[in-house]
Amino acid sequence: MNGRETRLLVPVVVAAALLLVQCSEPTEPSKDPKKPPVSSLDAFVVNCGQYNHVYLSDGDGSFTVHEVTASGDGSSSRDGSWAVALGDLDGDGHLDAFVANSGRNRVYINDGAGAFTGYDVGTDEDNSRGVALGDLDGDGDLDAFVVNIGTDYSGGINRAYLNHGDSDGDGCLSFTGYDVTDDKEKSQAVALMGGASPDALVINWYQPARLYEMNFSGPGVFTGQIVDDGGRGPFMGTSAAVGDMNLDGHLDAVIGHYEAEFEGIFGARLLYNDGSGGLDYAFQLDHGETEGVALGDLDGDLDLDIFLIHRGSPPRVYLNTVYQSYGSPVCSLTTVDVADDYYYSQGVALGDLDGDGDLDAFVVSYGQVIRIYLNRGIGLSWEGSDLLPPDPLPSSTGVALGDLDGR
C-alpha cells in the first residue's frame, strides 16, 4: 500500500491553453467491511508543504487516515495545498478532488473505494488559494474556477479550467485554462452562485470582492462587478459561502475577513442577493479574525445557519430565523459560542459525522490537531473532540466532506 495508515478515534479572455494531466499510481486505503455504517461521510484534508490526507469514516465514530501521495515519489503531492473541492470530474459516479496549490494545481481521481490517482493540471504556478467546481460552460461536466494570490503575493490572475474529459483517449482528463480577467487580484477564496453556468464570487485581500458572471461571448469569458462592502472596506478577505439565507429564492453570501483596511472591523458580513445578479451589504456578523465560513441547517428549522471559524479565537454559530420586515424577508441571528477553544483554524466543513441526523463540523487548523464538533442540541450545544493526525502535526489549510469510498 502506498502511504501510511493510522487508526484514529474519534471575462475577458487573455490566454487559453490545453492542459494535459499526467497519470500516476493511486494510493490504496482499505476498511473493515464488517462494521455497520453510522455515517458515510469521509474527509479530504489538504496541508501546506506536506502530504494531503484522506480520513475514511469507519462508521462507528472513528476514522482511518491515509496519505495521498498518488505520484511517483509523491513530490507533487507535497506542494503547499490551500484548498480542495470535491465533485465527480470524470463522470463515473465517484467524488474526485481538485486541489489548489502554491505550485501546480492537481486533480485526484477516485476509484470509488477512496484510492486516488493524481494529475498535475497544466504547468501554472501562481500561488492558488481557492477552488470551486461547477459547470461553467454548460456542457454537463464539472469545471474549476481557481483563484490566485500571485507568486510574490502582489496579485495573480484568476483562471477558469474547462473540463474536456478524456478527450484524447489516454485515460487522463484534460482541461483548457482561461484567464478570467487581465487584472491581478490578491484572491483568497471563491464560491459559485449555483445554477447552470454559475456566477463566481471572488474574495480578495484588501481589494473589493468581485462577482463574475459568465457572459457566453466565448469560452471562459466573464464580466465582473464590485461587491457592495457597506462603505467599510476593503477588507482582508479570507473565505465565503453562499446560500439562500432569507428564503427569498436567491442565493445570498456570507464573507469572512480580518480587519477592514481603514476601520479595524473584524469578522464576517452578510450580503443579500438583490434578485438581479448583485449582492447588497446587510450587516456585520462577528468580531474575530474569521478564517472560514460554512452554511447549513444546524437547528432543524429549515433555514440556513452560519458556522464561523477564527484565527486564535473560538468557533461561533449564528442560528438564523427569517421574518418579514416591511414586506421583505430578513434574517435575525442568535449567537452561540461553540467551545472555549483557541486554535489557528483554517478550514471548516459541515456534515452529519455521527449519523444522528443533524449537522456537525469538521475543523482543520495550521500545525494543530483536527477538531470535530458534534451538534448535541439543535445548534445550541456542541461537543468538541480531537482527531489526531499522524506525526508530525500537519499544517492543514482546507477540508471537504463527502462519501469517498461508497460506504
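Normalised radius of gyration for the stretch 349-391, please: alpha carbon Rg relative to 2.2 N^0.38 Å, two decimal places.
For the stretch 349-391, the normalised Cα radius of gyration is 1.19.
Can you compute the charge dipole magnitude of the stretch 94-160 about its Cα centre, using +1 on each Lys and Arg Cβ and -1 on each Asp and Glu Cβ, nothing else charged? Give it in debye, rounded to the nearest 20.
Roughly 300 debye for the stretch 94-160.
Once both labels are modelled 7 Å past Cα along the beta-carbon direction, what's the Gln324-Asp248 spacing in nm?
Computed distance between label sites Gln324 and Asp248 equals 1.4 nm.
Specify the inter-centroid distance of the stretch 241-256 and the stretch 339-402, based on alpha-carbon positions, in whole Å.
23 Å
On the accessible surface of the stretch 272-368, probed at 1.4 Å, how many percent belong to carbon and sulfur atoms?
Its accessible area is 46 percent carbon and sulfur atoms.
I need the shape label for the stretch 283-374. Rule: rounded when a/c is under 1.5, else prolate if a/b > b/c, else oblate, with a, b, c from the alpha carbon gyration tensor.
oblate
Using DSSP to call loops (not H, G, I, E or B), can you name the chymotrypsin sites (Phe, Trp or Tyr not before Pro) in the stretch 231-294 whose Cβ has at most 14 other Cβ atoms within 10 angstrom?
Those satisfying the criteria are Phe262.
Could you check the simple spin-label distance between Tyr342 and Asp139, using points 7 Å along Cα→Cβ, in nm with one decimal?
In this crude spin-label approximation the distance works out to 5.2 nm.
Enumerate the whole-percent occupancy of each 5 Å bin, from 0 to the last occupied one, for all C-alpha pair distances of the stretch 103-150.
5, 18, 21, 23, 22, 10, 1, 0
The values are calculated or read from the model by the stated rules, or taken from the named source; none is laboratory data. Just so we're clear, the structure is a prediction, and the values are computed from it rather than from any experiment. All Cβ positions, glycine included, derive from the backbone under ideal geometry; neighbour counts span all protein chains shown. Surface accessibility is based on the protein's heavy atoms, side chains included, excluding ligands, DNA and RNA. Shrake-Rupley method; radii C 1.70, N 1.55, O 1.52, S 1.80 Å.
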